[in-house]
Amino acid sequence: MDLQVVDGGNLGAYKVVDVTSGDVVYRCVRWDDAVLFALGCLSAKAADWVERKRVEAPKVSGRLIGAAHLYVLGRVYLLKGGEDFAVMSEFQDGVVYNVWWPGDGAVPRCTCEDYQRSVGLYGDDAITLHGRVVCKHILACALEILFPRKKEVISDGVASDRAEHACDAEAG
Ligand SMILES: [Zn+2]
């Protein structure tokens with residue numbers, strides 16, 4: 001199922017559209033709600049995970065919604081044989097960020113400006129989830145690891161290894 005979340009225009013409403021049929025499957029007044037509805041259609045568990053993390057880390061809420069949107073759009077790609085993901089920009093076509101997610105449980109990193117800026121922040125200014133600096137691209141990779149959409153590009157070994165580490169990150 002391919003879904004798209006679109007701004008309904010001057011009514012101030014958002015729509016979730018089935019890309020294949022063109023049918024509007026959901027309407028609501030909040031962007032967050034539309035994205036979470038679309039995510040839930042693809043994976044109820046993924047939507048639960050995002051909801052839980054938003055409660056645990058309200059500062060990261062906007063990034064979690066961005067990550068959910070990237071996941072819905074299928075913009076997260078695990079690069080074959082590597083520890084890298086390519087994540088296409090949420091809103092800028094043609095812009096791609098690289099997320100390095102090492103298999104040994106080390107800290108994931110992203111090439112985006114938001115991440116680069118955030119690693120310099122400390123204390124109350126730090127925007128972290130479980131003590132790790134995260135951007136929406138890293139969170140989108142976490143979603144892809146925990147609830148894979150593109151199983152065909154992930155070998156079994158790599159997938160299970162990464163899922164373990166993603167769960168570690170969740171528990172930590
Ligand atoms: Zn990023």
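Annotations
- The packing ranking, built from the mean of other Cβ atoms within 10 Å per residue, places the peptides 53-60, 16-23, 89-96, 142-149 in the order 142-149, 53-60, 16-23, 89-96, highest first.
- Given charges at beta-carbon only (K, R positive; D, E negative), |dipole| of region 1-93 in Debye: 260
- Applying 0.36 nm per residue to the separation of Val107 and Ser61 and subtracting their alpha-carbon distance, the gain on full extension is 14.6 nm.
- Net length gained if the chain between Val19 and Glu51 were fully extended (0.36 nm per residue, minus Cα distance): 9.0 nm
Quick note: the coordinates plus some simple rules give every number you see, no bench work behind them. All values derive from a computational prediction rather than experimental measurement. Methodologically, a virtual Cβ is constructed for each residue, glycine included, from the backbone with ideal geometry; neighbour enumeration extends over all protein chains shown.
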